[in-house]
Amino acid sequence: MPFEIRPWEAIANNYGCTVLLGNGASISVSPSFSYGSLLQHAAEQNLLPEDAQRLFEFFQTNDFELVLRIVWQASNVNRSLRIPDERTHAAYVGLRDCLIQTVRDIHPEHGTVSVHLPSIYHFLKRFRTVISLNYDLVLYWAMTYGLDIDDQHAFKDCFVGGGAFDDDWQRFRQPIRGDRSTSLVFYAHGSLVLCRNLVEQERKIHNLQDGLLEAVLQRWQNGEVVPLFVSEGTWTQKVASIQNSYYLSTVYREVLKSQRDTLVVYGWGFAEQDVHLLKRMKDTGINRVAVSVFRGDQAYCNRVFQTIHDELGAHVEVDFFDSESPGCWIHPAHQVLRPVV
């Protein structure tokens with residue numbers, strides 16, 4: 001028998017603990033996010049210098065962030081020791097400029113996605129924990145949209161003064177300034193707003209929301225920082241990259257393993273290279289999972305149902321909901337939302 005795919009609002013009251021956002025969430029905001037990979041886009045547009053191609057082949061990875069960081073560190077070491085090595089620096093510059101142009105080609109500006117931010121904000125604020133697998137700026141823009149709303153709800157990503165991550169992340173659940181409810185936000189694969197500086201300190205880039213994308217790219221261009229996100233690779237490569245970052249490893253080690261009774265998955269394909277994230281949530285108390293389904297895809301329902309039971313246990317109840325139904329993600333609920341001005 002086919003699985004029942006219900007409207008989100010029919011099951012929403014059963015969920016409010018954790019939501020996990022996959023790439024389908026970003027694609028629904030802008031089709032420009034439907035690229036196969038950053039590296040694929042760069043190669044198809046002939047943006048990738050020959051030396052950069054050799055680096056990806058040598059390190060056997062498709063992860064832009066990893067290769068860029070390795071070459072950036074090598075270039076800085078050579079410069080600090082006054083070792084003449086123009087080729088290494090040129091490889092770094094070529095790879096950096098390639099990544100900047102690729103992100104510019106793919107990532108929409110704030111103004112083109114702002115129409116969706118009220119609905120995204122309204123959907124996300126029902127959850128105590130928001131975990132995103134996407135490294136674009138959509139989630140961050142939705143958070144900053146909420147700063148102007150007097151609804152006594154706060155989104156906190158646990159980055160404090162100076163942009164540093166506070167690993168005592170549980171304390172941010174406490175209300176501040178009269179907030180009555182709080183959602184904690186985590187970037188499980190990093191984000192464009194996160195970076196590493198010359199001494200490997202991990203920081204969040206701050207800027208006005210409508211100029212944030214350009215501010216991020218300018219920081220890369222200046223050579224001050226390199227980005228902190230895991231873009232592509234097998235699950236073993238992704239886990240290795242996660243473990244190489246204090247912030248990402250904290251999210252992986254602590255946040256994913258924290259107690260929760262329910263989980264909502266929106267826009268995630270349960271791909272083999274990312275199922276390790278679901279494995280981390282085993283034995284955390286999950287007894288019910290809701291999964292978004294695009295256009296009634298029963299084959300997807302069958303695969304997901306089996307994967308959830310394999311990884312979390314056969315006792316877990318699984319609900320499927322229509323990803324385009326009212327009240328979920330970019331789709332307005334049956335109420336009037338404040339427009340973006």
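A quick yes/no check of all residues on (1) without any contact (Cβ under 8 Å) to a residue 40 or more places away in the chain; (2) farther than 26 Å from GLN273 by Cβ; (3) crowded, with 21+ Cβ neighbours inside 10 Å:
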site: GLN174; (1), (2), (3): yes, yes, no
site: THR182; (1), (2), (3): no, yes, no
site: VAL193; (1), (2), (3): no, no, yes
site: ASN197; (1), (2), (3): yes, yes, no
site: GLN201; (1), (2), (3): yes, yes, no
site: ASN207; (1), (2), (3): yes, yes, no
site: GLU214; (1), (2), (3): yes, yes, no
site: GLU224; (1), (2), (3): yes, yes, no
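Look at the stretch 241-254: where a residue is under 18 Å from ASP63 (Cα atoms) and without any contact (Cβ under 8 Å) to a residue 24 or more places away in the chain, no partner that is buried (at least 21 other Cβ atoms within 10 Å of the Cβ) and among the basic types (Lys, Arg) sits 6+ places away or on another chain with Cβ atoms under 7 Å.
Within the stretch 254-281, being among the acidic types (Asp, Glu) and at pLDDT 95 or above holds for GLU254, ASP261.
No other residue among HIS122, HIS107 is under 18 Å from PRO227 (Cβ atoms) and in contact (Cβ under 8 Å) with a residue 24 or more places away in the chain apart from HIS107. Tell me whether the stretch 109-127 contains one or more residues that are crowded, with 18+ Cβ neighbours inside 10 Å and closer than 17 Å to SER34 by Cβ. Taking every residue of the stretch 109-127 in turn, at least one turns out to be crowded, with 18+ Cβ neighbours inside 10 Å and closer than 17 Å to SER34 by Cβ. Among residues that are touching a Phe, Trp or Tyr at 6+ places or on another chain (Cβ under 9 Å), polar (S, T, N, Q) and either at pLDDT 95 or above or within 21 Å of GLU9 (Cα to Cα) (or both), THR284 is not included. When the residues of the stretch 165-201 are filtered to those that are over 18 Å from the mean Cα position of the chain (by Cα) and part of a strand (DSSP E or B), which remaining residue is modelled with the lowest pLDDT? The residue in question is SER181.
The values are calculated or read from the model by the stated rules, or taken from the named source; none is laboratory data. Just so we're clear, the structure is a prediction, and the values are computed from it rather than from any experiment. Using ideal geometry, Cβ is built from the backbone for each residue, glycine included, and neighbour counts are taken over all protein chains shown.
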